[in-house]
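Accompanying notes for the structure given below.
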Amino acid sequence: MAPTTDNAVRSDGALVDDVSTTAVADSEGAIETRGIEPVPDHERHGRVRELFPTWVAANISVLLLTMGAALVVFNKLNFWQVLIVAGCAAVASFGMVGVLSVSGKWGGAPGAMLSRATFGVRGNLFPGAILWVARFGWETINAVTGAYAVLTVLDLLFGIKSNSVLIVITLFVFVACTFLVSGMGRKALNVCNKWSTYLFGVFSVLVLGYLVVHIKWHDVFSKPAGSTAMMIAGIGTIAAGGISWVPTGPDFARYLPHSASGKKIVGATVSGAGVVMVPMVLMGAVMAVAAPGLAEAPDPVSFLGDILPTWLAVPYLVTAIVGMLLINSLSMYSAGFTAQTMGVKLPRAMAVSINAAISLVGGLMLMLVAKSFLSSFITFLILLAVSFSAWIGVYAVDMARRRVRAVRYDAEGLMDTSPSSRYWYQGGFCWQAMTAWAVALIAGLCFTQCAWFSGPLSGTFVGKYGLGWAATIAISALLMAVLPTPREK
């Protein structure tokens, strides 16, 4: 197929959106050129087992150590409660990622594109815009953490102390590397994910072994239990990171053949995330018992130099840097699709540059201006969970209906942005989905309490227990289910 620069004409004369400006993908090459267009059946050569290292890599972040420490220092939980919180958070959040990833197998398209079938061609722009903005924040947090890790390694190895100029250079290099890896596409990410999983696994085992030998376990296990409310709130905080991956889950399953097992997709997703999340959160909790101040450290990384010997801290941080680079690469990979769905007329690899630029600016603000990284991070997680949860409930009900009625996603309809599109509904909007999404989003914010604001319902049971995200999913799903079933053309 010849390259296109704007719109293509469908066989029946309707305009079909083609924002990739590139030929329909040479997805088998080293650099993926496919954009948001659905993957045809003959190119579906992916394997479910590839999802395991993908979701391992998506969780290789020292932020999980900081979050585990916060469960001990701020939530006052003991070791066994942290274990339960980490396990529940992994299953709940990445269980949703796995279930909704199945739609990628059904439609062969990114989640942001399949969402057009749920919200309508025009309606999809509204939740898409919020998800895109939230993605900027997540990428900024990861970029800052990666830059802090680099600065810590420079300090441990060479005694080079952080300063404003070095912060700018380090952050720029980290974001640039992220942009290059994410721009190469799915195959490059799969290779990087595989090897980073091996390396990080080896050094994580070494860190765990060091902690087993040197930590005062009597202090760890003698810590009194915290309240049930703080456990439930902790699950929401830890799960927020996983929830942010739910809309992008289909992006990594779209190359799977229709015959791929949905149960195996969910299993690979949950196990890949859980094998990293649970031990990392637990290690953070154990470290916090030995050094309670780490949860309040000025950055989320430097405490490792105080707890671990240099010979272990440096290689562990280096592998963590690679891991955080991959997390951002996975996020930017999906963000490129979201940008194209929003109407950015650039190939996917170039659309990623928008997120890279915003991550750089936002990262500089957080590192040079913000007074507390942890406070900003926790607040962001709370708002992130609510903003993604409203989309999740609506999309899940739409998926369930398609499964029951055996209705496939229509590739031409997804690409068609004209009134003739199968997903045009009424004026380009599916009013049922839009109503359920908007009401749930507003309700979720009402239940939310964070450093920036407190919703009018934050003092209720749902608000006090940090269940705003769960309420948001329930409200959006319930409304979508009881409203009249949308009619496609």
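The values are calculated or read from the model by the stated rules, or taken from the named source; none is laboratory data. None of these values were measured; they are calculated from a predicted model. Positions of Cβ are backbone-derived with ideal geometry, glycine not excepted, and every protein chain shown enters the neighbour counts. The area values use the complete protein model at the heavy-atom level, side chains included, leaving out ligands, DNA and RNA. Shrake-Rupley method; radii C 1.70, N 1.55, O 1.52, S 1.80 Å.
As a summary of the residue check, G226 satisfies the conditions (1) closer than 25 Å to A385 by Cα; (2) out of contact with any Lys or Arg (no Cβ under 8 Å at 6 or more places or on another chain) except for the one numbered (2).
Out of L479, L457, report the one residue that is in a loop (DSSP other than H, G, I, E, B) and farther than 19 Å from A239 by Cβ.
Details: L479 fails: in a loop (DSSP other than H, G, I, E, B).
None of the others qualify; the one that does is L457.
K263 falls short on exactly one of the conditions (1) over 25 Å from the mean Cα position of the chain (by Cα); (2) within 28 Å of A109 (Cα to Cα), and that condition is (1). Screening S204, S164, S227 for residues that are touching a residue at least 60 places away in the same chain (Cβ under 8 Å), within 25 Å of the chain's Cα centre (by Cα) and open to solvent by 10 Å² or more (accessible area, probe 1.4 Å) leaves exactly one candidate, S204.
In the set (1) surrounded by fewer than 17 Cβ atoms within 10 Å (Cβ to Cβ); (2) within 26 Å of the chain's Cα centre (by Cα), the condition left unmet by T460 is number (2). Among the residues of the range 173-191, not one is at pLDDT 85 or above and assigned to a loop (DSSP other than H, G, I, E, B).
Does any residue of the range 364-375 turn out to be polar (S, T, N, Q), at negative phi and surrounded by 15 or more Cβ atoms within 10 Å (Cβ to Cβ)?
Taking the range 364-375 and keeping what is polar (S, T, N, Q), we get 372, 375.
Restricting the remaining residues to those that are at negative phi gives 372, 375.
Subsequent filtering for residues that are surrounded by 15 or more Cβ atoms within 10 Å (Cβ to Cβ) retains none.
The answer is no, given that none of the residues of the range 364-375 is polar (S, T, N, Q), at negative phi and surrounded by 15 or more Cβ atoms within 10 Å (Cβ to Cβ).
The lone criterion from (1) more than 20 Å from the chain's Cα centre (by Cα); (2) open to solvent by 20 Å² or more (accessible area, probe 1.4 Å); (3) within 17 Å of V82 (Cα to Cα); (4) at pLDDT 90 or above left unmet by P292 is number (4). The condition of being over 24 Å from V386 (Cα atoms) and either touching an Asp or Glu at 6+ places or on another chain (Cβ under 7 Å) or in a helix (DSSP H, G or I) (or both) holds for V205.
In the set (1) open to solvent by less than 30 Å² (accessible area, probe 1.4 Å); (2) part of a helix (DSSP H, G or I); (3) modelled with pLDDT of 85 or more, the condition left unmet by E139 is number (3).
Here the condition is being farther than 30 Å from N163 by Cα and modelled with pLDDT under 95; of G236, G305, G284, it holds for G236 alone. If the condition is being outside any helix (DSSP H, G or I) and open to solvent by 50 Å² or more (accessible area, probe 1.4 Å), then the range 376-409 contributes A406, R408.
For the structure I just gave you, tell me whether F453 is without any contact (Cβ under 8 Å) to a residue 12 or more places away in the chain and open to solvent by 50 Å² or more (accessible area, probe 1.4 Å). For F453, the condition - without any contact (Cβ under 8 Å) to a residue 12 or more places away in the chain and open to solvent by 50 Å² or more (accessible area, probe 1.4 Å) - is met.
The condition of being surrounded by 24 or more Cβ atoms within 10 Å (Cβ to Cβ), at pLDDT below 90 and part of a helix (DSSP H, G or I) holds for only one of A129, A117, A149, A134, that being A149. Whether a residue is in a helix (DSSP H, G or I), under 30 Å from L64 (Cβ atoms) and modelled with pLDDT of 85 or more was assessed, and V99 passes this test. Among the residues of the range 435-449, the one identified as open to solvent by less than 20 Å² (accessible area, probe 1.4 Å) and either closer than 14 Å to T379 by Cα or in a loop (DSSP other than H, G, I, E, B) (or both) is T448.
Under the condition of being charged (D, E, K, R) and either in a helix (DSSP H, G or I) or on the phi > 0 side of the Ramachandran plot (or both), which residue from the range 45-94 is surrounded by the most Cβ atoms within 10 Å (Cβ to Cβ)? Filtering first and then ranking leaves E50.
So which residues in the range 160-172 are out of contact with any helix residue (DSSP H, G or I) (no Cβ under 9 Å at 6 or more places or on another chain) and modelled with pLDDT under 90? Don't jump to the end; show me each part of the working.
Kept after step one, since they are out of contact with any helix residue (DSSP H, G or I) (no Cβ under 9 Å at 6 or more places or on another chain), are these residues of the range 160-172: 163, 165, 169.
Scanning the range 160-172 gives a single hit, N163.
Please verify whether L154 is buried (at least 24 other Cβ atoms within 10 Å of the Cβ) and not small (G, A, S), treating the condition exactly as stated. No.
Conditions (1) modelled with pLDDT under 85; (2) open to solvent by less than 10 Å² (accessible area, probe 1.4 Å); (3) under 16 Å from R47 (Cα atoms), marked per residue:
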{"site": "N193", "(1), (2), (3)": "yes, yes, yes"}
{"site": "L208", "(1), (2), (3)": "yes, no, no"}
{"site": "W245", "(1), (2), (3)": "no, yes, no"}
{"site": "F252", "(1), (2), (3)": "no, no, yes"}
{"site": "A260", "(1), (2), (3)": "no, no, yes"}
{"site": "V266", "(1), (2), (3)": "no, no, yes"}
{"site": "G274", "(1), (2), (3)": "no, no, no"}
